[in-house]
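Heads up: the structure comes next, in structure tokens.
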Amino acid sequence: MRKYAAALAVLLMLVMSPRVPGQRGASTALVVRVMPEARIEPGQIALEFRVADRVVQTANVAAWVRALPNQQIRILARLAKLQGPNGPAPVTAVTWTGAVARSTAGGNQANCASGAFAAGQTQDLALGWRQSGALTCTFAFTLVEPGKLSPGLYSGTVDLSLSVQ
């Protein structure tokens, strides 16, 4: 009778226990999100011209950008004010010419621009940059028509930034 009761208990446990189905499939996904980022060095260029001996100043600007595909990458510059020996001078008195000093990857397609500052305006220092990479430009900032300006020291600060759109 004990054997019968034990067999019945085992049978009831097997019937009453929940069934665990076998695993039929599984998948694993890994998502890595690389966010766009950018940096520029320096963030500002201090300009100082002395009418009478020096009216050109050079500076290197290096930018590195990791952007999403086909975005417009811009190096922007703004000369907020130009101070002369007799007070404020027009920012339009400063022009620049740019030349590529070094570039890598998407920076190889970019050109360093030339132009003139306009009051209250942001200017593009690089053109045609549409892919991630690095670009270093050498800029020659020039005080134009120094013969029309009073002798003395002229100074200002060019604020630089990167824009990725």
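The values are calculated or read from the model by the stated rules, or taken from the named source; none is laboratory data. Note that the coordinates shown come from a computational prediction; the quantities given were computed from them, not determined experimentally. With ideal geometry, Cβ positions are generated from the backbone for all residues, glycine too; neighbour counts draw on all protein chains shown. The protein model used for the area step is the full one, side chains on, heavy atoms only, and it has no ligands, DNA or RNA in it. Shrake-Rupley method; radii C 1.70, N 1.55, O 1.52, S 1.80 Å.
Applying 0.36 nm per residue to the separation of Thr58 and Asn70 and subtracting their alpha-carbon distance, the gain on full extension is 1.2 nm.
For the range 65-147, report the % of Cα-Cα distances exceeding 23 Å. Of all Cα-Cα pairs in the range 65-147, 32 percent lie more than 23 Å apart.
Model label points for Ala140 and Gln44, set 7 angstrom from Cα along the Cα-to-Cβ axis, are 2.7 nm apart. The modelled label-to-label distance between Ala99 and Ser155, using points 7 Å beyond Cα along the C-beta direction, is 2.9 nm.
A probe of 1.4 angstrom, applied to the heavy atoms of all protein chains, finds Ile45 with accessible area near 10 square angstrom.
Report the FRET efficiency, 1/(1 + (r/R0)^6), for Asn86 and Asp124, where r is their Cβ-Cβ distance and R0 is 25 Å, rounded to 0.05.
With a Förster radius of 25 Å, E is 0.20.
The residues Trp129, Trp64, sorted by heavy-atom accessible surface at 1.4 Å with ligands and nucleic acids left out, run Trp64, Trp129 from largest to smallest.
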